[in-house]
Amino acid sequence: MRLGPALSQLSLPLAGAVRLLFRQPHRIWSAQDLAIAAGSPRRSLYRQLEAAGFCSPRQLVQAARLLRAFVYLRDPGNLIEDVVAKLRYGSSHVFIRHTRETCGLTPSALRDRVDGDMLVERLSDRLLGPLAAGDAGPSRLAAVRDGQLERTEAAPEGADPNDDAPDEDERYETRDRS
């Protein structure tokens, strides 16, 4: 994610807690948990995050869990119920609500219609706001959601057409459907 500049404005303990949140979202469930991980009072947590241009701690926790959920959703062996259990959501309804609030899509649509770069772009915009994240343009995820773009696999030049793994540099290509 494009969080580096904003993270550098946080105290070292809070920046470490935010990194922990994104590495292990199952360990931090709330603003209080994030404050405990940072070793600071909740009020200081809110102040520091706001001063650095971050969204609320609740949205930060929700985004970290959704990013991990996306990784699980991309595995064809995982059902939505499996993702709910792995991330210890209280119910599938909460997970679906978080997905819709953040992306405007259901988990199934997120799995089928969004690539990783698009989700990272959307989450960065949500966590820092488009201007703080360095992108004032419309989100590609919103275009996919609205049916203006569709995700297509890009076959890198000279790549084996039977190779399922996309090249790191050209993971996905978007095609304008308007």
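The values are calculated or read from the model by the stated rules, or taken from the named source; none is laboratory data. Bear in mind that the values here come from a model prediction, so they are computed numbers and not experimental data. All Cβ positions, even for glycine, are placed from backbone atoms using ideal geometry, and neighbour counts span all protein chains on display.
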Which condition from (1) closer than 19 Å to Ser124 by Cα; (2) in contact with an Asp or Glu (Cβ under 9 Å, 6 or more places away or on another chain); (3) at pLDDT 90 or above is the one that Arg23 breaks?
(2)
Considering each of Val114, Val84, Val144, Val94 in turn, give the residue that is over 24 Å from Leu7 (Cα atoms), modelled with pLDDT of 90 or more and either crowded, with 17+ Cβ neighbours inside 10 Å or touching a strand residue (DSSP E or B) at 6+ places or on another chain (Cβ under 7 Å) (or both).
Val84
For region 60-113, which positions are among the polar types (S, T, N, Q), free of Cβ contacts under 8 Å to residues at least 12 places away in the same chain and within 22 Å of Gln32 (Cα to Cα)?
Ser91
Do you know which of the residues in region 5-37 that are among the hydroxyl-bearing types (Ser, Thr, Tyr) and farther than 16 Å from His98 by Cβ is farthest from the chain's Cα centre (by Cα)?
Ser11
Out of Ser40, Ser44, sole residue that is outside any helix (DSSP H, G or I), hydroxyl-bearing (Ser, Thr, Tyr) and more than 18 Å from the chain's Cα centre (by Cα)
Ser40
For region 47-59, which residues satisfy the criterion of being of a type outside the set (Gly, Ala, Ser), closer than 16 Å to Ser124 by Cα and over 17 Å from the mean Cα position of the chain (by Cα)?
Leu49, Glu50
